[in-house]
Structures are given as structure tokens and as C-alpha cells.
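Bear in mind these aren't lab numbers, they're just calculated from the coordinates by the rules spelled out. Only a predicted model underlies this, so the values are computations on that prediction, with no experimental measurement involved. Every residue, glycine among them, receives a Cβ derived from its backbone with ideal geometry; neighbour counts consider all protein chains shown.
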Amino acid sequence: MVEAAIIVPAILNGLTTGAVYALVALGLTLIYGVLHIINFAHGALLMVALYGVYFLYALAGIDPYLALPVMVPAMFALGYVLQRYVIGRAGHGKDENVMLVTLGLSIVIENLALYLWSSDTRTIETAYGFSTVDLGVALIAVPKAIAFVGALTVTALLWAVMRWTDLGKAIRALARERRGAQLVGINVEHLYAMSFGIGIACLGAAACLLLPSYYASPHIGRAFVLIAFTIVVLGGMGSFVGALVGGLIIGVTESLGGLFFGESLGKIGVFIIFIVVLLFRPTGLFGQRA
Amino acid sequence: MKSAVAIVVLLLVLIPVPWLVRSGFWLNFAVLSLYYGFLGQSWNILGGYGGQYSFGHAAFFGTGAYAGAVLQLRFGVNPWLALVLAGVAGGVVGAVVGGLSFRYGLRGSYFALITLAFAEVLRILADSLGFTGAGVGLQIPLHPAATNFQFAGKPGFYFTMLVLTALGFASVWYIEHSRFGARLMAVRDSEDAAHALGINVYRVKLAAIILSGVLMALGGVFYLQYFLYIDSDIAYGPAVSIAALLAPIVGGLGTMFGPLLGAVALQLLNEISESAIGSAPGLNLVLYGAVLVLIIAFLPEGIAGLMRLRLGPWRRRAA
């Protein structure tokens, strides 16, 4: 029988993965909350960030965690430019079109990566990669523990920015009422691009925290994108708290699913949660309304 | 009636192609164009005429392909009979996906997401269960015979695909000339208005997704018989879902000829790029993605819209 000695570490592992999932989902939920679009290119952009961290390490010898100050602004800039000059323009403001544009972008980015870097999976080896911390009940790999703390810190930071800064206030105003925000002098195009940029910057942070215990490959984004969608839907579209709680729930679900049903079939639990939540409670746990 | 004539003329023109085109390369090109046009037509019924954008049409395609393969391999069913049964299976999956998501009022991005999730669940199942061959996939043994839905040469596949194309055209012709189609387009244009007019929105959308699912599943069986192999990624992976939506969007959404037009254009683009840059993994899809973005940015009505734009003033002068 499965005992606590196996279940507890599985739950802890799930929580650490879940925190990083939450970070990925946070960007998605921010973009949805403000722009009301579903960014199908989210996974592909995470993949780009993972390669960024990988190459910084492989070519310049920069430690993934020290790459944070490079990756976060770089991904922010990429997101800003994409929204302002590609997605915003090509979409003509119609939801279906925006959806298809982000889908098209994800196809371009994923396959460009496949072309440039082949389908090899790339990992890095760090001095701390295999060390563990003893939590008393279980051992946790150091990179996972750092990812957990890091993801929570970034989430808290983002929440504080949205809550207390002028930028955050403007973005929240825009999210609530576009016309009204425009009337009080908010530059809508700029702030849409800022929000998208911040959402993508979260991916930069997530990639730095992920790579020491994970890998980069052209199709890696796919694995994350549906999980991130699930978290966003579960937590409630546009809700920060929801993304965090949803991320942790999904992380644990996946971990326990893998434990009980095996690596391959275990993933199905996440999608079943996704379908069930979409059907019965599309507003999610913390969502305002559909 | 004019459009019916156009369809019949087009099909008649396409019949002699295998005798005129001797090169295997171009005949393969013709088969694949019809095939992608057919997948696109299936998507077009739900997405173009019904306004419900599915990102997971692989759910129907893969079910068709697996039904065809499992019925042949495990139950010894004749492939032509398997084709019919696979169509039914696709319709059932359509009814389940549509029944659930439309019953609970999922629209727009939510609908796109849930179709994606259904396809992914089916992919994982196909990848894990024994009777679908799990990770290894299923291979159909080679027994070339027309009665066995395996032809010695390309013309047999071409004519099969032409019949399926005719079926696709008949479906959209019906949509454009029936009350059901009028209701479907009313739902697309404004669901609330359609509801207010007394249209049973749920039933109309459900019928559209079932029809779309049946056709897509037939496409899946055709793929199986043409390539004689499927695995979970081919059958339920995102590539086929994207192929299905790309053709009508490029060609012209919600038009009868758009999907075929788009499929031919994309096939041409594919061949040109391959001969220009060589075939490298991923490169043709980079091009497809870029075309998708550019079409939406500059030609939201697709190639068919471009033709209308060009023909419009000319027509008026002629009249």
C-alpha cells in the first residue's frame, strides 16, 4: 500500500512544481484580465525563455539564478513589442482574430526553435543540481526549493506592484473599464503592451527558476500551456490569488496522479479537472464572473 | 442554384486529373490538397458557418483514424465498413464534446480551450492504453486491393478523396440552402439575437459539431489508409487541429470554396518553400504560422475575400 512516507514527498514535490506553474499562469491570467485575450503563444514564449537561460549558461557561464536580471527585462521587452506591434495590430481588436494571431505566433516560434536548435532536449549541470534540503518529513531538491520560494516571491512582488504603484492602478483601471481609462488619459495601447510585457516577464522569471531542475526543448511549451490554462480557469480568469492557489492544486494533482497512475496516464487528471471546471464553474474558484 | 452548378463543374473538371497529370509528385500534391481541403471543410462547417472556433479538431480526426485501425486490426472489419463506422464514432465524439460544452454555454475562447483539452485527454489515453498500440502506434499491413481501401497507385486514393470532397461540398451546399444552415449562420452572427428569434441555439450548434465530427473522422480514416500508420501524436496532436483551421482561414472562412482554395494555396506554399530552402524540420510550419498571422492582419476574409475585392468593382461595371 502507498504510505505517508511516499505521499508526503509527492505532495511537497507537487507544491514546488505547482509554484512555478503558478508563476507561468500568473502571466497568462494578467494578460487575460487586462486584455481579455487568451494568449496561445504563452507556452512558446516560456520555451524561448528557457532557451535564453540555457544559452546564457552554456555560452556565457551565467548561473540560471543570476540570469534573472537579464531574462526578466528581456522577456518583458519581447512581450511589449509583440503586443504593441504584432498582436495588437494584426488582431483588429476581434477576440477570434487575436486568438488566431497568438496561435500563429506560437506555431512560428515553436518551429523556428525546432529549426534553429533541433529537437534535442537540453539540460544544464550545476553544482547544486542534485543537492537536497531535509525538511524533516522529506528531502527536497535544492533547485525545487529555490523555485518554490522564488515563485512565491515574484508573485508577491507582482501583486504589490499591481496594488500600490501608479502603473498597477492604471492597469487595473484599464482592466475594469477601457473607455473610462481612456477618458482619464491612460495610454491604452502602451498599457496593453505593458501588461502583456509584464505577463511575459513572469515567464522569464519562471524559466530561470525552472531550468536547474528541468530542460529546454522546442515543444516544451505545450506541456505547460494547457496546464497554465487549467490553472487560470481553475483559479478564475484574471485572478492572482486564483492563479497561485490553482497552481499549487494542479502541481499536487499532477504529482499524485503520476504516483498512482504512472507518468503517462497521470497527466490526465489535470485535463479532467480542466474540463470539469470549464463545464461546471467557468468562473473558477476566485473569478468574478464569466 | 448557381453555386451547385459551380460545385458540379469543379468536380467534373477534377475527374480527369489522374489521366492528365502523369507525375506521381503532382498527383500526390492533388491528393493532399483535396485531403487538407476536406479537413478544412469539416472545420469550416463549425468554425466558418457556425462561428465556433475549435482548436481541437484532432479529437474527431484521431477518433476516426483509431476507430478505422482498431476495427480492422482487432475485429477484422473491412476498411470500407470501418470508414462508415469511424464516421459514426466521430459523430459520437462530436456529440459528447458539443453536448457538454454547448449545454454549459461555453463560447469563444472557452470553447477553443475545451476542444483543445478534449483532444489532449484523448491523446494521453491513446498513448497509454493497450488496444490503441500505446506509444508504438498502429500499423495497417499492406494488402493493396480496392476492396481493401488500399490502392496500388495514387489515382485510387485521388478518386476516393474526390468523393469525400463532393460529400464536403454537399454538406456546405446544404448549409447555405437550408433552414438549418440559416439558423447556424444566425447563431454565428449573434447568438443572443438568434436565441431571441426562437432558434434553439444549443441544438443548432450540436448538429453542426456532429456533422463536422463525422467528416473529420472520415478524413482520419483516409489518412490511415494512405499512410498505413498512426500514433497518438499524429492522430490527436495539435498539428492536425491546426491544419484543419488553417485552410478555411487562409482560403475564406464560411465560404464553400474557401477551404479547398486555402488548402491548394498552402500546399503550393509548402512545395515552393521546400524547393527553395530545402526541407528542414519545422520550417514549413514556421511559414504556415506566419501566413496565418499575415492573413488575419491583412486579409481577414482570406483569398476568397481578395477575389471578391478584385471582382467587386469589375462585376458592377459589367452589370
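Taking a straight line from the alpha carbon of A:Lys169, these lysines sit under 27 Å away, with near neighbours fewer than eight places off in the same chain left out: A:Lys94. With a 10 Å cut-off around each Cβ of B:279-289, the average count of Cβ atoms from other chains is 6.
Once you reduce the range A:230-277 and the range B:7-27 to the center of their Cα atoms, the two points are 50 Å from each other. With the gyration tensor restricted to C-alpha atoms of the range B:32-103, the semi-axes of the equivalent ellipsoid amount to 24, 16, 8 Å, longest first.
Within 10 Å of the Cβ of each residue in B:106-118, the mean number of Cβ atoms contributed by other protein chains is 6. With a 10 Å cut-off around each Cβ of A:72-79, the average count of Cβ atoms from other chains is 0.
Spin-label pair B:Leu129-A:Ser131: with each label point 7 Å from Cα along the Cα-Cβ axis, the two points sit 4.8 nm from one another. Here the sum of -39500 (n - 2.57) over DSSP H runs of 4 or more residues, divided by the residues of chain A, equals -24000 deg cm²/dmol at 222 nm, to the nearest 500. Once the Cα atoms are used to define both axes, helix A:42-60 deviates from the longest principal axis of chain A by about 60 degrees. Per residue, the convex hull spanned by the Cα atoms of the range B:30-311 measures out at 136 cubic angstrom. Counting neighbouring Cβ atoms within 10 Å and putting the fewest first, the residues A:Trp159, B:Trp43, A:Trp164 line up as A:Trp164, A:Trp159, B:Trp43.
Listing B:Leu269, A:Leu158 from fewest to most neighbouring C-beta atoms within 10 Å gives B:Leu269, A:Leu158. Projecting label points 7 angstrom from Cα along Cα→Cβ for B:Leu10 and B:Ala145 puts them 3.6 nm apart. In the elastic network of chain A, a GNM with C-alpha springs shorter than 10 Å, the most mobile of A:Phe274, A:Phe196, A:Phe260 is A:Phe260.
Normalised by the number of residues in the range B:1-160, the mean separation of alpha-carbon contacts (under 8 Å, six or more apart) gives a relative contact order of 27 percent. Give the angle, between 0 and 90 degrees and rounded to the nearest 10, that separates the Cα long axis of helix A:220-235 from the longest principal axis of the Cα atoms of chain A. Taking the Cα atoms of chain A, the angle to A:220-235 is about 70 degrees. When the Debye formula is applied to the Cα atoms of the range B:155-241, each taken as the same point scatterer, what base-10 log of I(q)/I(0) results at q = 0.18, 0.23, 0.24 Å⁻¹? One equal scatterer on each Cα of the range B:155-241 leads to -0.87, -1.08, -1.12.
In straight-distance terms, cross-link reach from A:Lys267 covers every one of the lysines whose alpha-carbon lies under 26 Å from its own, apart from those fewer than eight places away in the same chain; here that gives A:Lys144. Measure nothing fancy, just the Cα-based angle from helix A:68-81's long axis to the longest principal axis of chain A, in degrees from 0 to 90, nearest 10. Long axis of A:68-81 versus the principal axis of chain A: about 40 degrees.
Calculate the length of the line joining the C-alpha centroid of the range A:3-32 to that of the range A:119-164, in whole Å. After rounding, the separation between the Cα centres reads 11 Å. In order along the range B:158-171, the phi-based Karplus estimate (6.51 cos²θ - 1.76 cosθ + 1.60, θ = phi - 60°) of 3J(HN,Hα) comes to 4, 5, 4, 5, 5, 5, 4, 4, 4, 4, x, 5, 4, 5 Hz; Gly and Pro are listed as x.
Count the net charge of all other residues whose Cβ sits under 12 Å from the Cβ of A:Gly43, scoring Lys and Arg as +1 and Asp and Glu as -1. Mind dumping the intermediate values first?
Values: positive: A:Arg222; negative: A:Glu110.
Result for the neighbourhood of A:Gly43: 0.
Computed log10 I(q)/I(0) for the range A:82-201 at 0.11, 0.18 Å⁻¹: -0.65, -1.05, from the Debye equation with unit scatterers placed on every C-alpha and solvent omitted. If R0 is taken as 22 Å, the Cβ-Cβ distance between B:Ala95 and B:Ala182 corresponds to a FRET efficiency of 0.50. Residues whose amide H falls under 5 Å from that of A:Thr132, counting only those 5 or more places apart or on a different chain, are A:Val142, with hydrogens built in the peptide plane. Phi angles across the range A:195-204 convert, under the Karplus curve 6.51 cos²θ - 1.76 cosθ + 1.60 with θ = phi - 60°, into 3J(HN,Hα) values of 4, 4, x, 5, x, 6, 4, 4, 5, x Hz, Gly and Pro given as x.
When the charge dipole of the range B:30-311 is built from unit charges on Cβ atoms (+1 for Lys and Arg, -1 for Asp and Glu) and taken about the Cα centre, the candidate among B:Ala119, B:Ala182, B:Val84 whose Cα reaches farthest toward its positive end is B:Ala182.
Positive end of the dipole of the protein assembly as shown (Cβ unit charges, origin at the Cα centre): among A:Ile171, A:Ile87, B:Pro300, the Cα lying farthest that way belongs to B:Pro300. Its alpha carbons give the range A:4-280 an Rg and a Dmax of 18.4, 59 Å.
Picking from B:Gly76, B:Gly48, B:Gly56, which is most flexible by a Gaussian network model of chain B using Cα springs under 10 Å? Comparing B:Gly76, B:Gly48, B:Gly56 in a Gaussian network model of chain B, the most mobile one is B:Gly76. What FRET efficiency comes out for A:Phe260 versus B:Ala276 if R0 is 51 angstrom and r is the Cβ-Cβ distance? Round to the nearest 0.05. Approximately 0.50, to the nearest 0.05. The relative contact order of the range B:30-311 comes to 36 percent, based on Cα pairs under 8 Å that sit 6 or more residues apart.
Structural descriptor for the range A:4-280: relative contact order 40 percent, calculated from alpha carbon pairs under 8 angstrom and at least 6 residues apart. Using only the C-alpha atoms, the convex hull of the protein assembly as shown corresponds to 176 Å³ per residue.
If you take the beta carbon distance between B:Ala170 and B:Arg22 as r and set R0 to 41 Å, what does 1/(1 + (r/R0)^6) give as a FRET efficiency, to the nearest 0.05?
For R0 = 41 Å, the calculated efficiency reads 0.85.
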